[in-house]
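Worksheet for the structure shown next.
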Amino acid sequence: MNGSSDVASYLIVVLFLASLLMNFTDIPQRIQLHRFSSFVRRKLYAIEEMEVDARRKAVAYMSSIGIKEPSKILEGFTDNFFLIRPVDIEPTDIIRRFKHLIRVRENSVREYVRKVLDTTERSIQYSVETVLEVVSVLRLLNKLVRHYLELGLKYNNWILVMQLAIQMPELVEIARAYVNSLNAFTSGIPIGDSVGPLVAKMLVNLQENSREISEGTDLYETEVDGRKIYVIKASGPGSNVGWPGEALEKLVEELGGTIDRIITVDAALKLESEESGEVAYGTGAAIGDIGPEKIAMERVASKYSIPIDAVVVKMSEIEALSPISRNIYEGVVKSYELVQRVIREKVREGGTVVVVGVGNTVGVK
């Protein structure tokens, strides 16, 4: 009996000490910190591998089009050409300032690429710019994850590391989507974000006769059942989004505001409960711009009291960056049919419509 009592006493003492250690020391937090940091390190290693893979693909692509020392060109671009957001505490003219800064950065990138490409056609130049941007995004993602991991470890902040660990699966998927997008950008394959340009091209029956109304943005003219249709899309087939808001503004001003309707077509992020390729119709400017292009559309539409419609194809962020899938393409066909129906039902015969195909026009000439 004494032996059993002694064992029970020892167990009680051990349990009591364990309880003290777990409740009145930081040992549980240190265990959590180690657990979550180990998980983040594994995912970070995966992102690093993807960055290396993206660099390899970028270098191989630039070598294939005759760029000398592509690794040096890539290193010269990564971590450079960042954009500092304008002051927003004083919102006066913030859109004008934002657009100016975006244009200056874009011109700097374009000049950097032009120097190494010499006389290469513009569509190839656009694709090289995008390839460099993709690698730069992966590099930034890698650095940010490492920053927050090391910050959490530095201050033993297990909650910060836990929050990072919770987000890591999504960040890894986004990184994988960027790496996969390189296959499309280097091969000239449309991506999910190309739905707007694809619908635009369908409306003009794949014709190539156009004029450049704004830098990197083309204007087509066609008819649908007696209605005059102006179609705007980015210049292809290189990776390019153009300046659709500026182009729309110029066109409407050229025509003196005599437009019966504006229809914008773009990709839109879906909810998890929604199916990829679903098509939705609404009101407003369908464009994922950070400000300048969208507000240009809204301002010119409101100036002349022109109804502006939105036709969107639902997809995930990953699908938007990946080569176009069957479901998304079926959504493109449905959007094309919907745009034609809206034109027939809501615009009088002899009227004028502008359709803006918003998105990356890679693979869409």
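The values are calculated or read from the model by the stated rules, or taken from the named source; none is laboratory data. Note that the structure is predicted; figures quoted are calculated from it, not measured. Glycine gets a Cβ as well: all are built from the backbone with ideal geometry, and neighbour counts include every protein chain shown.
The set of residues in the range 202-224 being of a type in the set (S, T, Y) and under 23 Å from G331 (Cα atoms) consists of Y220, T222. Which of the residues spanning the range 322-333 are touching a Gly at 6+ places or on another chain (Cβ under 7 Å) and part of a helix (DSSP H, G or I)? Scanning the range 322-333 gives N327, I328, E330, G331. Scanning the range 140-152 finds no residues that are among the hydroxyl-bearing types (S, T, Y) and closer than 21 Å to L269 by Cα. Those residues that are touching a residue at least 24 places away in the same chain (Cβ under 8 Å) and either assigned to a helix (DSSP H, G or I) or not assigned by TED's automatic domain parsing to the domain that holds S123 (or both), I need them from the range 68-81; list them, please. Result: I73, L74, G76, F77.
Scanning the range 202-215 for residues that are within 15 Å of G242 (Cα to Cα) and touching a strand residue (DSSP E or B) at 6+ places or on another chain (Cβ under 9 Å) yields S210, R211, E212, I213, S214.
What are the pairs, 6+ residues apart or on separate chains, where a residue within the range 267-292 that is assigned by TED's automatic domain parsing to the domain that holds S335 and within 13 Å of I328 (Cα to Cα) has its Cβ under 9 Å from a residue that is outside any loop (DSSP other than H, G, I, E, B) and aromatic (F, W, Y)? Cβ pairs passing all conditions: G277/Y329. With the structure loaded, tell me whether V161 is farther than 30 Å from H100 by Cα and without any contact (Cβ under 8 Å) to a residue 60 or more places away in the chain or whether it fails that test. Answer is no for this residue.
Using the structure shown, decide if S37 is of a type in the set (S, T, Y), farther than 19 Å from A184 by Cα and either at pLDDT 90 or above or assigned by TED's automatic domain parsing to the domain that holds K99 (or both). Judged against the criteria, S37 is a match.
Evaluating V364 against the criteria (1) buried (at least 18 other Cβ atoms within 10 Å of the Cβ); (2) assigned by TED's automatic domain parsing to the domain that holds D266; (3) in contact (Cβ under 8 Å) with a residue 60 or more places away in the chain; (4) hydrophobic (A, V, I, L, M, F, W, C) leaves one unmet condition, (2).
Would you be able to say whether some residue in the range 53-67 is part of a helix (DSSP H, G or I), loosely packed, with under 13 Cβ neighbours inside 10 Å and of a type in the set (S, T, Y)? Checked against the condition, which is being part of a helix (DSSP H, G or I), loosely packed, with under 13 Cβ neighbours inside 10 Å and of a type in the set (S, T, Y), the range 53-67 yields at least one hit.
The rows are residues; the columns are (1) more than 27 Å from E173 (Cβ to Cβ); (2) in a helix (DSSP H, G or I).
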| residue | (1), (2) |
| --- | --- |
| V252 | yes, yes |
| A268 | no, no |
| S276 | no, no |
| Y281 | yes, no |
| I290 | no, no |
| A301 | yes, yes |
| I318 | no, yes |
| S335 | no, yes |
| R341 | yes, yes |
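Identify, please: which residue in the range 167-206 is of a type in the set (G, A, S) and under 21 Å from V59 (Cα atoms) and is, among those, surrounded by the fewest Cβ atoms within 10 Å (Cβ to Cβ)? Once the filter is applied, the top-ranked residue is S187. The set of residues in the range 46-72 being over 19 Å from R176 (Cβ atoms), among the aliphatic types (A, V, I, L, M) and modelled with pLDDT of 90 or more consists of V59, M62.
Residues in the range 149-163 that are buried (at least 20 other Cβ atoms within 10 Å of the Cβ), among the aliphatic types (A, V, I, L, M) and over 12 Å from I47 (Cβ atoms): V161 alone.
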